[in-house]
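J.: Right, I'll just put the structure down here and ask away after.
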Amino acid sequence: MTVATVATRYETIKVKPVTPLIGAEIEGIDLTRPLEPQQVAEVRQALLDHLVIFFRDQPLTLEQHKRFGRYFGELHVHPNTRGPEGHPEILPIHADHNTVRIAGDRWHSDVSCDPEPPLGSILHLQVLPEHGGDTLFSNTYAAYEALSPGLQTYLQGLTATHDGEQVYRSRNRGKGIDDRDRVYPKSSHPIVRTHPESGRKGLFVNSNFTTHVDNVSREESAAILGFLYQHLAKPDFQVRFRWRPDSIAFWDNRSAQHLAVWDYFPNVRSGYRVTVKGDKPF
Ligand code: SIN
């Protein structure tokens, strides 16, 4: 396991790791202002090194949020949830006393049912409960590297199906939204994914979107996925982020999974996510 954290690699930002395996707080940057190319390059490097990076005290407008996202690629439009008027690329994240089910309360990589799932997601929360509402992130490289060589080899030959249908249709039902005219993405991806920038391998199945391992019996699929979900959820691979108003978490969906903890009902937790388009997993 390599953890590339050399403070001197960064000249324009301060990068403070939260755990040895995943997560770093970034200081010395104001995301409400346009960034210089070197700042963008260093933020990108910090994301590659730490898989999820956290910023504090960044009161972004929706336009500033989108501008920050566009430094890393084109913005993704969510296949189910609509953005606020005039901002289709913004995904509202909101829970309050009327909420019956929150988004992201199972381990997942965002929209992994897309043929080209998002590279990364940038969540800005503005309203937080006094206690709770944390987000957990898990390092999928570390989870893969902790498997025995025999299991790694077996998994490398397999793909799994990721389906938006089961996730979005049931969420809409809970909200009373009629989505009969919608068709949700469904894709088959390698179980062991190679990160296109770092070249490292990680596990790419999650309990939210993955329905089955392709071309094996139902029993074998259930046993493999059950084991991998349990393995990916080990605290050894995790960081837990405690939000404050105007915090931002920027995570790499190609090397990390996350889960939002809903322990604050009936209180409000609210903000917006910008998601950056990704490429076809290999
Ligand atoms: C998400 O999955 O994007 C939501 C994460 C969160 O609310 O913490």
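The values are calculated or read from the model by the stated rules, or taken from the named source; none is laboratory data. The structure presented is a predicted model; accordingly, all values stated were derived computationally and were not measured. In this analysis, Cβ positions are derived from the backbone assuming ideal geometry, glycine residues included, and neighbour counts consider all displayed protein chains. Note: areas computed on protein heavy atoms with side chains; ligands, DNA, RNA excluded. Shrake-Rupley method; radii C 1.70, N 1.55, O 1.52, S 1.80 Å.
J.: Return one whole number: the accessible area per residue of the chain in Å², for a 1.4 Å probe.
T.: Value returned for the chain: 45 Å² of accessible area per residue.
J.: Quick one, what does Rg over Rh come out to for segment 14-276 if you take C-alpha atoms and the Kirkwood Rh?
T.: 0.95
J.: Hey, another quick one. Over segment 7-139, how many percent of alpha carbon pairs lie in each 10 Å bin up to the one with the longest distance?
T.: 10, 38, 39, 12, 1
J.: Which residues does the label zone of ASP214 cover in segment 186-201, counting backbone N under 13 Å from a point 7 Å along Cα→Cβ?
T.: 186-192
J.: Which order do peptides 128-136, 111-119 fall in by mean Cβ count within 10 Å, highest first?
T.: 111-119, 128-136
J.: Normalized C-alpha radius of gyration of segment 158-282, against 2.2 N^0.38 Å?
T.: Computed over Cα atoms of segment 158-282, the ratio equals 1.20.
J.: Ignoring ligands, DNA and RNA, what percent of the 1.4 Å accessible area of the chain is carbon and sulfur? Don't jump to the answer; show the numbers that get you there.
T.: On the way: 6570 of 12640 Å².
With neighbouring chains kept in place, the figure for the chain is 52 percent.
J.: Let me ask something else. When Lys and Arg each count +1 and Asp and Glu each count -1, what net charge do the other residues less than 15 Å away from VAL77, Cβ to Cβ, add up to?
T.: Spelling it out: positives minus negatives among the neighbours equals 0.
J.: I've got another one for you. At R0 = 25 Å, how high is the FRET efficiency between ASP57 and HIS131 if r is their beta carbon distance? Nearest 0.05 is fine.
T.: With R0 = 25 Å, the Cβ-Cβ based efficiency is 0.80.
J.: Show which aspartates and glutamates lie in cross-link reach of LYS277 when reach means a straight Cα distance below 15 angstrom and same-chain residues fewer than eight apart are skipped.
T.: GLU74, GLU89, ASP110, ASP114, GLU116, GLU197, ASP252
J.: Let me ask you something else. With springs only between Cα atoms under 10 Å apart, run a GNM on the chain and tell me which of ARG82, ARG70, ARG180 wobbles the most.
T.: Per the Cα network of the chain with a 10 Å cutoff, ARG180 tops the list.
J.: Return the FRET efficiency for the residue pair ALA222, ALA41: r is the Cβ-Cβ distance, R0 is 51 Å, and the value is rounded to the nearest 0.05.
T.: The formula returns an efficiency of 0.70 here.
J.: Obtain the nm distance between the two label points defined at ARG182 and THR12 by a simple spin-label model: each point lies 7 Å from its Cα along the Cα-to-C-beta direction.
T.: Placing both labels 7 Å beyond Cα along the Cβ direction yields 3.7 nm.
J.: Another question, then. Take TYR154, TYR184 and sort them by solvent-accessible surface of the protein heavy atoms, 1.4 Å probe, largest at the top. Each step should come with its number before you reach the end.
T.: Values: TYR154 90, TYR184 15 Å².
These residues rank, largest area first, as TYR154, TYR184.
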